[in-house]
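The values are calculated or read from the model by the stated rules, or taken from the named source; none is laboratory data. Quick caveat, the model's predicted, so the values are computed rather than measured. In this analysis, Cβ positions are derived from the backbone assuming ideal geometry, glycine residues included, and neighbour counts consider all displayed protein chains. Just the protein is used for accessible areas: all its heavy atoms, side chains included, with ligands, DNA and RNA removed. Shrake-Rupley method; radii C 1.70, N 1.55, O 1.52, S 1.80 Å.
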Amino acid sequence: MGNLIQDVKYGARVLSKSPGFALVSVLTLALGIGANTAIFSVVSAVLVRPLGYPEAERLVKVWEDESANALSSRGTVAPANYLDWKSQNQSFDGMAASEYRAFNLTGDGEPERVVSNGVEADYFSLIGVRPALGRDFLAEEDAPGGARSVVLSHGLWQSRHGADPGVLDKSILLNGESYRVVGVMPAGFEFGGARLWVPLALTTEQLADRNWHNLEVVARLKPGVTAEQADADIDAITARIAAAYPDAAPQMRAAVVPLRDELIGDARRPLAMLLGAVGLVLLIACANTAGMLLARAAARRREIAVRCALGAGRLRIVRQLLTESLLLGAAGGVLGLLFALWSFAFLRQLVPAGMQAATELNLDAPVLLFTLGVSVLASLGFGLAPALQASRADLNDALKSNTARTGFGGQRRLRDAFVVSQVALSLVLLVGAGLLVKTLSKLRGQYDELRPERVLTVRTQLAGEKYEEHARRTDFYERVLARVRGLPGVEAAGYATAVPLAWKGGANGLVLEGRQPTPGFGWNAIHRQATPDYFRAVGVPVKEGRAFSESDTETSLPVAVINDAMARLYWPGESALGKRFKVAPPGGRDDGRPWLTIVGVVADVRQMGADAPVRAEMYIPQRQAARHGFFAPRDLVVRAAVEPLGLVSSVREAIREADPTQPVSNVRTMDELLGRETAQRRLGATLVLSFAALALLLSALGIYGVLAYFVTQHVPEIGVRLALGARPADILGLVLRRGMSLALIGLAVGLLAAYALTRLMQGLLFGVSATDPLTYVAVAALIATVALAACLVPARRAMKVDPMEALRYE
């Protein structure tokens, strides 16, 4: 222990005499360790830390899997199917259903649109979370005709009621109807994104329905039962349902998904990529610091030789040098923790949306242990090789030499290896960043034709008895549109069920005239209703035929507009204009609904996600859609000749004039909507690009350091060359060849590594190959340019060596 304390004191004293070296080393390590700590904190919070529910590992979501019927692989559940699952399964301690609902909250304060869920009475107890204030629902409230009760989220309780404990038993107006507040949930609990909950209260008729898929199901596994076993159990029940009800459930299956996997979604792979990227940054930082330690060890050869001559063994020398490395690593770790803590507010965006309410990024015990481990491993990683190399000093040579010119051999090869590795790892990071940036550009570029920066979207979802009648909905739309179109700067305005990317659902079955579907499979398309001028407002071009017009009324020929994907899918090789189809009820039955004649085909736009496959889509004139109230338009779209956000107050006023009690929500430009869709990709690309830029800087510093040391070592030789008639250009070429040879070797190694590693990123890319040659060539050219710039400074210094001074160097 006494020797260790002595080593620490001596190491601190030695480092204090070289503050520049110590500062650069600590900052380099702090950036590498801090980046690793920050990303690990996110990974720990999302993938490792227990969810905030009792025995959360036993909670699962249960979905209908209708991928065989060309619908989404995870679909909501029909009530009758849910009841069969609940009564026949052998895997769950309990199951509870919820249904998405949204209410217009009126009364005290501004009208507000509130996302909510209808839930069964045992929903909260199944999850294992009780209200922080009041109670949850009673069984009699979850029955048709039961008392209208509501449980508020903590956030809504604070924002709408000022966190007043006296809110219990008070009434609030939802869709114009009075509900009594019976409870308030704890802070951070917003299961499913809801801001309030009401009893599900399904009727007997609804519970017998196998066609309307409207429920989300959560279940708690029995102790010892795995999600895979439950999946097999539920799938067997579902197969029996599909066999018994082939019209309602053709080839239907089921999927049991652990709750954590459901909440994480697609975030696992991007987080793993970021963790790998910061790992590479740390390796580069260690290589850079190791290179500086080798140069410093060369300058300390005489000191080390004297200590060896006085009796210090090789192990003692290695231990002392490693102690100095550990001091640098410890300082870098502490500063890295501060960097990580500072970054948490920014990195919260990496937490999946379903986990953000209950997930905090903090320096908990696992994160601190991770930082400690990384600091120690980094210290050993960058300190061990230089320490071993320095301990091999030749005593006679070191004691006779008056300079640091000795130490070529193994030390030089080691420094060269560090520089080559830095360049190679930087290229891997830059190629990955380039592919992600190109992906982001492709994702956003596919919407450029819409000119999204000129489109304002506003949600006015009509609800309650006030707008149950189709005529009243139509009247509201027309009054709003008449006012909005008259506003200065408005080019076009229209209503639709949902603008692209705003709602990733809403499919209906189809019946095609004169065609019979393949047994067990149904035809379907995304269902959207729209008013005249919607396509011009949103910017979707008409490729064939026409868009809707004012003449498409309740009494005119029923018509539809479809997208190009639907035309190719159902009428390949021929024009879809004039073809007819029916919007069928769930199950695809023909129940006498009118035939819709296709009058137009519009361009494809990705509705379900910026990188989701284009689906078949049908648009129906709002005036002719009296039988499809569920798909009634809710999104107002305004194309502006001016800055769209400057129209917000005027558009709000136009809506108030049409209905003073109608809530307005989701006010944003189409460009902002697209930005939110690609936000996590953009953040990931930005982080990887930042890490790559840091790696490139460290690599440039590594090359500079090697050449600066090279020039210092070769001053006498350079002086002799100049004295014998060598031109400055010859000296420039000598140094540049030395530096660029290392850079080119690093580029070759890096290209091979990038070719192998970026294939793992293919699932994160869109519209670009993992081996995109343009990205590889551009990155290689960039690194070569930076390496050349790093070589020029020591090379120019070598050109200016005075031969007479150089010959007197020793």
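Placing unit charges on each Cβ (+1 for Lys and Arg, -1 for Asp and Glu) gives region 419-497 a dipole about its Cα centre, and among LEU450, TYR477, GLN461 the Cα reaching farthest toward its positive end belongs to LEU450. Model label sites at ALA236 and TYR100, defined 7 Å from Cα along the beta-carbon direction, differ in position by 3.3 nm. Summarising the label geometry, the points placed 7 Å from Cα in the beta-carbon direction at ARG515 and SER159 lie 4.4 nm from one another. Label zone of TRP342 (point 7 Å out along Cα→Cβ, amide N under 17 Å): in region 14-32 this covers 23-32.
In the context of the full protein assembly, ARG676 retains an accessible surface of approximately 140 Å², using a probe radius of 1.4 Å and ignoring ligands and nucleic acids. For the chain, the Cβ-based charge dipole about the Cα centre amounts to some 4140 debye (Lys, Arg positive; Asp, Glu negative; other atoms uncharged).
Comparing Cα centroids, region 8-66 and region 160-209 end up 40 angstrom apart. Per-residue extension of 0.36 nm, minus the Cα-Cα distance of ARG135 and GLN762, leaves a gain of 220.9 nm for this segment. Of the whole protein surface, GLU190 contributes about 80 Å² of accessible area at a 1.4 Å probe radius. For the set THR553, THR204, THR678, the ranking by accessible area, highest first and with no ligand, DNA or RNA atoms included, is THR204, THR553, THR678 under a 1.4 Å probe.
The orientation-averaged projection of the convex hull spanning the C-alpha atoms of region 470-551 amounts to 8.1 square nanometres. In the chain, the DSSP-assigned H stretches of four residues or longer account for a calculated mean residue ellipticity at 222 nm of -16000 deg cm²/dmol, using -39500 (n - 2.57) per stretch and the full residue count as denominator.
Highest-first packing order for the peptide set 435-444, 320-329 is 320-329, 435-444, based on the mean count of other beta carbon atoms within 10 Å. Report the antiparallel proportion of the DSSP beta bridges in the chain as a percent, rounded to a multiple of 5. Counting DSSP beta bridges with both partners in the chain, the antiparallel share is about 80 percent. The alpha carbon centroids of region 446-496 and region 679-718 are separated by 53 Å.
Sequentially through region 600-607, phi angles give Karplus couplings (6.51, -1.76, 1.60; θ = phi - 60°) of x, 10, 10, 5, 6, 9, 6, 8 Hz, Gly and Pro residues having no value and appearing as x. Of the residues VAL642, VAL14, the one with the largest accessible area comes first in the ranking VAL642, VAL14, computed with a 1.4 Å probe on protein heavy atoms. Taking Lys and Arg as +1 and Asp and Glu as -1, the other residues whose beta-carbon sits under 9 Å from that of ASP122 total -3.
Region 315-387 and region 647-672 have Cα centres spaced 48 Å apart.
For the chain, complete DSSP H runs whose alpha carbons reach 20 Å or more along their own long axis and whose mean Kyte-Doolittle score is 0.5 or higher are 19-43, 268-299, 314-347, 365-390, 409-445, 679-713, 728-757, 773-799. In whole percents, the pair-distance distribution calculated for the chain from its alpha-carbon pairs, binned every 10 Å from zero, is 2, 11, 16, 19, 17, 12, 9, 7, 4, 1, 0.
Taking GluC sites (Glu not before Pro) across region 461-551, the ones in a DSSP loop with at most 14 further Cβ atoms lying within 10 angstrom of their Cβ are GLU468, GLU469, GLU513, GLU550. Dipole orientation for the chain: of the candidates ALA290, GLN607, LEU202, ALA290 has the Cα lying most toward the positive pole (charges on Cβ; Lys, Arg +1; Asp, Glu -1).
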